[in-house]
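Below you'll find the structure, written out as structure tokens, and then a few comments.
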Amino acid sequence: MLLKRAVLEAVKTGEVTLVFRRWRRPSVKPGGTLKTEVGVLAIDRVAEVDRSDIGPSDARRAGYPSPEVLLAELDTREGDLYRVEVRYAGEDPRLALRNDDEVDPAELDVIRRKLDRYDAASRVGPWTCRVLLTIRDHPHVAAASLAESTGFDKEWLKTNVRKLKNLGLTISHQPGYELSPRGTAVLRHLRKSG
């Protein structure tokens with residue numbers, strides 16, 4: 001579930017506690033979380049609703065002045081109408097992780113095993129070190145250009161860079177990526193132990 005920065009900020013302050021979406025099937029589940037650029041959001045409830053169930057207070061809780069304005073925006077999309085209760089659950093744990101460049105041997109071993117699993121499970125063969133090196137050498141370069149230089153599909157690359165980000169190894173930007181301090185330390189270790 002993608003949310004605009006202004007909506008994310010409003011969820012963080014508690015100003016917005018509802019999100020309405022049209023989906024063929026929900027992309028979030030109750031009890032789940034969503035990592036965003038402002039932190040982690042908790043998904044408390046997800047329910048299919050009828051448009052007549054959306055009242056003025058629901059619209060205000062979703063950041064809209066009225067149900068009519070909310071529905072006019074939703075009607076530009078297809079799918080069933082869902083009401084999602086959200087709240088800010090805290091900072092993204094990847095932020096602290098990516099700045100931690102004091103990676104001990106046990107952590108390095110865990111990271112190496114995860115990267116080895118990503119490589120082994122990939123249809124394109126080993127990719128993790130290649131992508132980390134490309135990001136190191138080409139920071140802030142758009143995903144399309146990185147994909148072209150590596151020979152990988154752009155969407156495949158973006159999906160897999162997210163895996164590296166979840167390990168605290170990369171930082172996303174508009175455009176492109178860069179290695180985090182942790183990613184730099186891990187890559188240095190991987191290249192030494194080669």
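With the requirement that a residue be touching an Asp or Glu at 6+ places or on another chain (Cβ under 9 Å), more than 13 Å from V124 (Cβ to Cβ) and hydrophobic (A, V, I, L, M, F, W, C), what does the stretch 145-171 give you?
Scanning the stretch 145-171 gives a single hit, I171.
Can you work out which of the residues in the stretch 87-110 that are in contact with a Lys or Arg (Cβ under 9 Å, 6 or more places away or on another chain) and aliphatic (A, V, I, L, M) is farthest from K29 (Cα to Cα)?
V103
Restricting to the stretch 102-145, name every residue that is within 14 Å of R188 (Cα to Cα), open to solvent by 80 Å² or more (accessible area, probe 1.4 Å) and either in a loop (DSSP other than H, G, I, E, B) or without any contact (Cβ under 8 Å) to a residue 24 or more places away in the chain (or both).
E102, P105, R130, D137, listed by residue number.
I need the full set of residues from the stretch 1-12 which are free of Cβ contacts under 8 Å to residues at least 60 places away in the same chain and either buried (at least 17 other Cβ atoms within 10 Å of the Cβ) or more than 25 Å from E78 (Cα to Cα) (or both), in order please.
The answer is L3, V7, L8, E9, A10.
If I ask for residues that are surrounded by 12 or more Cβ atoms within 10 Å (Cβ to Cβ), among the acidic types (D, E) and over 17 Å from P30 (Cβ atoms), which ones from the stretch 43-67 would you list?
Of everything in the stretch 43-67, those that are surrounded by 12 or more Cβ atoms within 10 Å (Cβ to Cβ), among the acidic types (D, E) and over 17 Å from P30 (Cβ atoms) turn out to be D53, D58.
For the stretch 80-99, give me each residue that is closer than 22 Å to G14 by Cα and open to solvent by less than 20 Å² (accessible area, probe 1.4 Å).
Within the stretch 80-99, V84, V86, G90, D92 meet the criteria.
Which of the residues belonging to the stretch 153-171 are touching a residue at least 12 places away in the same chain (Cβ under 8 Å) and either surrounded by fewer than 14 Cβ atoms within 10 Å (Cβ to Cβ) or outside any helix (DSSP H, G or I) (or both)?
Selection gives L167, G168, L169, T170, I171.
Would you please name the residue that is modelled with the highest pLDDT, looking only at residues in the stretch 27-42 that are under 14 Å from the mean Cα position of the chain (by Cα) and open to solvent by 80 Å² or more (accessible area, probe 1.4 Å)?
Filtering first and then ranking leaves T33.
Tell me which of these R24 doesn't satisfy, since it passes every other one: (1) of a type outside the set (D, E); (2) open to solvent by 60 Å² or more (accessible area, probe 1.4 Å); (3) under 30 Å from L169 (Cβ atoms).
(3)
Read through the list (1) modelled with pLDDT of 95 or more; (2) assigned to a helix (DSSP H, G or I), then give the number of the only condition that E148 fails.
That leaves (1) as the condition not met.
Can you confirm whether L187 is open to solvent by less than 20 Å² (accessible area, probe 1.4 Å) and either free of Cβ contacts under 8 Å to residues at least 40 places away in the same chain or of a type in the set (D, E) (or both)?
Answer is no for this residue.
Of the numbered conditions (1) in contact (Cβ under 8 Å) with a residue 40 or more places away in the chain; (2) assigned to a helix (DSSP H, G or I), V86 satisfies every one except a single condition; which is it?
Unmet for V86, out of (1) in contact (Cβ under 8 Å) with a residue 40 or more places away in the chain; (2) assigned to a helix (DSSP H, G or I): (2).
The values are calculated or read from the model by the stated rules, or taken from the named source; none is laboratory data. Keep in mind that what you see is a predicted model, and the values were worked out from it rather than measured. Note that each Cβ is placed from the backbone with ideal geometry, even for glycine, and that neighbours are counted across all protein chains shown. Please note that ligands, DNA and RNA were not included when accessible areas were found on the heavy atoms of the full protein model with its side chains. Shrake-Rupley method; radii C 1.70, N 1.55, O 1.52, S 1.80 Å.
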